[in-house]
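The numbers here are math on the coordinates, done by the rules we state, and not lab data. A quick note: this is a predicted structure, and the numbers were derived from the prediction, not measured. So basically every Cβ, Gly included, is an ideal-geometry build from the backbone, and we count neighbours across all protein chains shown.
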Amino acid sequence: MTKLFSKNDDSFICENCHKTIDKLGYTSRDHCSRCLCSKHVDILPGDRQNDCQGLMVPISCSFSTKKGYIITYKCTKCGEIHNNKAANDDNKNAIFAVMNGSYNKDNY
Ligand SMILES: [Zn+2]
Ligand SMILES: [Zn+2]
């Protein structure tokens, strides 16, 4: 059986704002809680098999009452777009900035 989703909840240092991001605990941490940036490392969620390694920056965000905040990312290297669910402890100011279009990754 092929495992399509593997849990990979490791602490890491954000490549954009250099904050050390602790493990999330309840699911895979896939982006920075301060600046929301992510890294293009997955082909399938959580597999860490992508060798792109480009910085993924949030380009838009939507809110659904069922899923919470969904952040849309674009890879600055290959241009791939994908969605991530916001974590409980994500910086809400950054999320609102993404929603109203004033987000700038260099502000964090
Ligand atoms: Zn960061
Ligand atoms: Zn990429």
Least to most buried among MET99, MET56, by other C-beta atoms within 10 Å and fewest first, runs MET99, MET56
Which three lengths, in whole Å and largest first, does the chain cover when its Cα atoms are put on their principal axes? 43, 31, 25
1/(1 + (r/R0)^6) with r = Cβ-Cβ of ASP10 and LEU44, R0 = 22 Å, i.e. FRET efficiency to nearest 0.05, evaluates to 0.80
Between their Cα atoms, which of LYS19/LYS66; LYS23/LYS85; LYS23/LYS77 are more than 22 Å away from each other? LYS19/LYS66; LYS23/LYS77
About its Cα centre, the chain carries a charge dipole, from +1 on Lys and Arg Cβ atoms and -1 on Asp and Glu Cβ atoms, whose size in debye to the nearest 20 is 240 debye
